[in-house]
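Below: the structure, in structure tokens.
The values are calculated or read from the model by the stated rules, or taken from the named source; none is laboratory data. Not measured: the values here are computed from a predicted model. Quick reminder, even Gly has a Cβ in these numbers, built from the backbone with ideal geometry, and neighbours come from all protein chains shown. Surface accessibility is based on the protein's heavy atoms, side chains included, excluding ligands, DNA and RNA. Shrake-Rupley method; radii C 1.70, N 1.55, O 1.52, S 1.80 Å.
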Amino acid sequence: MSLKKRLIPALVGSALALGATSVHAVKFTGVFVFGDSLSDAGYFRPFLAGIGVPAAAVPGLGRFTTNPGPVWAELIATNYGGNPNPANAGGQNYSQGGARVAASNPNDTPLGGNANRSITTQITEYLAVNGSADPRALYAVWAGANDIFQTLPAISGGTVNPSTFLAQTTGAEVQQIARLQAAGAKYILVFGLPDIGSTPAFSSLLGAPPAQTAAGTQLSAGYNINLFNAIAASGLHVIPVDTFTLISEVKANAAAFGFTNTTLPACLPVGSTSLTCSAANSVPGSSTTYLFADAVHPSSAAHAITADFVKALIDGPNAYSTMAEVPLSTRAAHIRTLDEGLRSGQGAAVGKLTAFAAGDGGKFNIETNPLSPQTDSKNRSGTVGVTFRASDAMTFGVAIGKTTADATMGSLGKFKTDESAGSVFGAYKDGGFYGNFSASVANIKFNDIQRYIKLGQVIRTNTANTSGDNASANLTVGYDFAMGSLSIGPFISMTMQSVSVGEFTENNANPLEQSSRLKISAQDRSSNVTSVGARASFALGKWTPFARVSFDQENKRDAREVTASPVTVTQGITYSIPGYQPNKKWGSSTIGIRGYITDQISLAVMYTSVFSSDNIKQDGVTANIGFAF
């Protein structure tokens with residue numbers, strides 16, 4: 001029997017997965033893939049000449065799709081910093097067409113190549129070379145279709161119990177996933193099977209009986225249930241990829257994805273393998289308009305949708321990590337309004353009250369980096385309060401404030417924050433020495449949360465709302481040296497802050513857009529910033545220009561992760577993705593003027609900006625007006 005004829009029956013099934021746009025992706029130290037023909041990036045390419053393929057055509061062939069289009073695994077590896085080539089060409093993709101979970105298929109040996117390698121064998125090969133699994137790398141396991149293909153005749157004939165088969169096969173796959181995790185792997189994509197019964201091989205259009213179609217669908221669904229149940233029972237934290245739901249949605253809304261045919265294979269003649277399929281022997285334009293390349297394998301466009309879906313699972317939680325960062329900047333704006341309200345109160349007579357109103361508007365931008373997308377927010381803060389000059393040295397106050405932000409997460413989505421804060425604050429001044437403190441608590445509403453999910457040419461929008469809390473305390477001490485009209489001196493301050501973001505589940509009213517919905521677990525972000533600097537002012541009658549500069553350090557930079565769970569994977573399997581990690585050091589500067597319009601009415605205006613920060617841009621304008629009673 002020729003190699004070509006031996007390969008065709010064993011080559012595995014169809015699939016696809018989830019999408020998300022990820023121009024600003026998390027970076028991994030590698031992308032290692034274990035699987036069958038659905039993930040094979042060209043393992044058989046070196047052997048094509050042995051079955052009569054012209055040497056000039058070989059480089060563009062060898063994938064189980066509409067060549068030369070890449071498979072999902074190549075797109076993901078390129079996106080996240082891995083080597084997309086097959087393992088026998090120096091790459092990180094160990095997949096091989098025809099592979100089963102544990103059993104080897106020695107009859108599927110390519111000329112001059114290794115015996116068909118099961119997923120178990122592939123992982124053994126990887127660990128033999130590397131010794132352990134890199135916890136900073138991304139891993140993927142997609143298997144099971146060939147086990148179904150090769151066992152289906154026995155199941156149909158009644159000699160194999162389908163329940164026993166599914167339990168044993170998925171159990172063997174979970175053992176290999178646990179083996180990877182025990183070796184150190186932390187981020188593992190685990191793919192469920194697509195609906196094998198909906199592939200052309202099981203279609204009545206190609207002569208398949210209805211019972212075979214039903215059996216393919218039932219076994220695919222049963223495999224996924226058993227697989228994810230076993231993962232949940234084992235306590236493994238993997239990234240579950242629900243290809244079954246995704247592909248069903250794509251087929252049900254094919255035109256929106258650009259598909260004109262979801263039932264027949266693109267490669268000609270019908271029945272041929274996609275391993276040697278290209279534009280020369282396929283329906284014109286079919287790489288982007290047909291869902292299937294051959295009887296069981298997806299086209300290039302379907303692989304691109306699968307890759308997009310995987311990106312959405314990773315980049316979505318990562319982007320949401322910035323939801324806990326924006327309230328840090330909005331709180332800084334609120335604290336600036338309190339400081340100026342306190343200043344106006346210190347100018348009142350002892351025993352007198354001063355009412356003040358202050359506003360602050362600014363921007364907080366996180367530039368593109370490996371741990372978050374570009375995040376831009378426009379912040380607005382308004383505060384009203386009252387101070388009491390208790391003595392020459394002591395001033396106290398209370399205030400309420402409203403702070404809002406409109407934030408975008410690059411091309412991945414947006415959200416709004418709305419904080420209602422209550423604050424107490426005070427100051428002590430004795431000669432040149434001074435000390436200021438403030439404490440604030442706020443409830444945060446995260447409104448109009450939107451995440452954009454790119455799947456091929458389709459853009460989905462998932463929505464959500466949630467709430468959170470924001471508590472902070474600030475203490476500043478310093479000494480001003482008087483030199484005539486000039487006052488200058490050092491200060492040190494500490495700002496402690498705790499932000500929480502409540503869990504939420506994304507919504508999408510379209511019943512054909514459920515596969516991309518995520519449940520996002522609660523987040524916590526703690527900050528402890530120490531600032532050392534100097535301030536100066538120069539009295540010019542009723543008006544005093546002033547300036548301030550500080551060098552700031554974040555003392556709490558623990559790595560953060562955001563935990564998520566796909567809604568359509570009902571077993572509630574959770575996984576965590578690295579989140580944004582703040583800079584350690586930066587600088588801040590302020591310049592402004594304050595003074596008196598009348599003996600009772602004070603006014604202050606200032607501009608604050610952040611400098612020397614690797615990926616942060618932040619500034620704001622604050623204005624305060626006070627009225628002494």
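Does Gly50 satisfy being touching a residue at least 40 places away in the same chain (Cβ under 8 Å) and in contact with a Leu (Cβ under 6 Å, 6 or more places away or on another chain)? Spelling it out, Gly50 is indeed touching a residue at least 40 places away in the same chain (Cβ under 8 Å) and in contact with a Leu (Cβ under 6 Å, 6 or more places away or on another chain).
On the stretch given as segment 63-102, residues that are open to solvent by 40 Å² or more (accessible area, probe 1.4 Å) and either part of a loop (DSSP other than H, G, I, E, B) or closer than 22 Å to Ser118 by Cβ (or both) total 10. Would you pick out the residues in segment 513-527 that are open to solvent by 60 Å² or more (accessible area, probe 1.4 Å) and farther than 18 Å from Asp448 by Cα? Within segment 513-527, Asp524 is the sole residue that qualifies. Just one residue in the set Pro209, Pro162 is out of contact with any strand residue (DSSP E or B) (no Cβ under 7 Å at 6 or more places or on another chain), open to solvent by 10 Å² or more (accessible area, probe 1.4 Å), of a type outside the set (Ser, Thr, Tyr) and under 29 Å from Ala301 (Cα atoms); that residue is Pro209.
Just the residues that are assigned to a strand (DSSP E or B) and polar (S, T, N, Q), please, taken from segment 411-427. Scanning segment 411-427 gives Thr417, Ser420, Ser423. Those residues that are among the β-branched types (Val, Ile, Thr), touching a Ser or Thr at 6+ places or on another chain (Cβ under 8 Å) and open to solvent by less than 10 Å² (accessible area, probe 1.4 Å), I need them from segment 273-314; list them, please. Listed by number, the residues that qualify are Thr306, Ile314. Gly235 meets all of the listed conditions (1) modelled with pLDDT of 95 or more; (2) under 27 Å from the mean Cα position of the chain (by Cα) but one, namely (1).
Just checking, which of Ala232, Ala252 is small (Gly, Ala, Ser), open to solvent by 40 Å² or more (accessible area, probe 1.4 Å), out of contact with any helix residue (DSSP H, G or I) (no Cβ under 8 Å at 6 or more places or on another chain) and closer than 21 Å to Gln457 by Cα?
Checking each option against the conditions leaves just Ala252.
I need the full set of residues from segment 556-569 which are closer than 12 Å to Arg517 by Cα and of a type in the set (S, T, N, Q), in order please. Residues satisfying the conditions are Ser565, Thr568.
Picking from Phe165, Phe202, Phe191, which residue would you name as being more than 34 Å from the chain's Cα centre (by Cα), under 24 Å from Thr568 (Cβ atoms) and of a type outside the set (Gly, Ala, Ser)?
Selected residue: Phe202, the only one of Phe165, Phe202, Phe191 that is more than 34 Å from the chain's Cα centre (by Cα), under 24 Å from Thr568 (Cβ atoms) and of a type outside the set (Gly, Ala, Ser).
Among the residues of segment 461-495, just one is touching a residue at least 60 places away in the same chain (Cβ under 8 Å), out of contact with any helix residue (DSSP H, G or I) (no Cβ under 7 Å at 6 or more places or on another chain) and either open to solvent by less than 10 Å² (accessible area, probe 1.4 Å) or among the basic types (Lys, Arg) (or both), namely Gly468.
Among the residues of segment 354-377, those that are assigned to a strand (DSSP E or B) and in contact with a Gly (Cβ under 8 Å, 6 or more places away or on another chain) comprise Thr354, Ala355, Phe356, Ala357, Ala358, Gly359, Asp360, Gly361, Gly362, Lys363, Ser372, Thr375. For segment 448-458, filtering for residues that are assigned to a strand (DSSP E or B) and either under 30 Å from Ala539 (Cβ atoms) or touching a residue at least 40 places away in the same chain (Cβ under 8 Å) (or both) leaves 7. Need pairs with beta-carbon distance below 7 Å; first residue assigned to a loop (DSSP other than H, G, I, E, B) and within segment 428-444, second open to solvent by 80 Å² or more (accessible area, probe 1.4 Å); sequence gap 6+ or separate chains. Pairs that qualify, where the first residue is assigned to a loop (DSSP other than H, G, I, E, B) and the partner is open to solvent by 80 Å² or more (accessible area, probe 1.4 Å), are Gly432/Tyr479; Gly432/Phe481; Gly432/Ala482. Can you find, within segment 585-597, the residue that is least open to solvent (accessible area, probe 1.4 Å) among those that are in contact with a Lys or Arg (Cβ under 6 Å, 6 or more places away or on another chain) and at pLDDT below 95? Ranking the qualifying residues of segment 585-597, first place goes to Gly595.
Of the residues making up segment 72-82, those that are within 23 Å of Ala57 (Cα to Cα) and either free of Cβ contacts under 8 Å to residues at least 60 places away in the same chain or in contact with a Gly (Cβ under 9 Å, 6 or more places away or on another chain) (or both) number 2.
When segment 141-159 is filtered for residues that are open to solvent by 60 Å² or more (accessible area, probe 1.4 Å) and assigned to a helix (DSSP H, G or I), the ones remaining, listed by number, are Gln150, Pro153, Ser156. Could you check, for segment 291-307, whether at least one of its residues is touching a Cys at 6+ places or on another chain (Cβ under 7 Å) and touching a residue at least 24 places away in the same chain (Cβ under 8 Å)? Yes, because at least one residue in segment 291-307 is touching a Cys at 6+ places or on another chain (Cβ under 7 Å) and touching a residue at least 24 places away in the same chain (Cβ under 8 Å).
Restricting attention to segment 1-60 and to residues that are charged (D, E, K, R) and modelled with pLDDT of 85 or more, the residue that is most open to solvent (accessible area, probe 1.4 Å) turns out to be Lys27. For Asn224, the conditions (1) open to solvent by less than 10 Å² (accessible area, probe 1.4 Å); (2) outside any loop (DSSP other than H, G, I, E, B); (3) within 28 Å of Gly316 (Cα to Cα); (4) in contact with a Phe, Trp or Tyr (Cβ under 8 Å, 6 or more places away or on another chain) all hold with the exception of (1).
Scan segment 378-393 for residues that are more than 13 Å from His334 (Cβ to Cβ) and assigned to a strand (DSSP E or B) and jot them down.
Lys378, Val386, Thr387, Phe388, Arg389, listed by residue number.
Within segment 348-405, being among the small types (Gly, Ala, Ser), surrounded by 20 or more Cβ atoms within 10 Å (Cβ to Cβ), in contact with a Phe, Trp or Tyr (Cβ under 7 Å, 6 or more places away or on another chain) and under 14 Å from Phe627 (Cβ atoms) holds for Gly385, Gly397.
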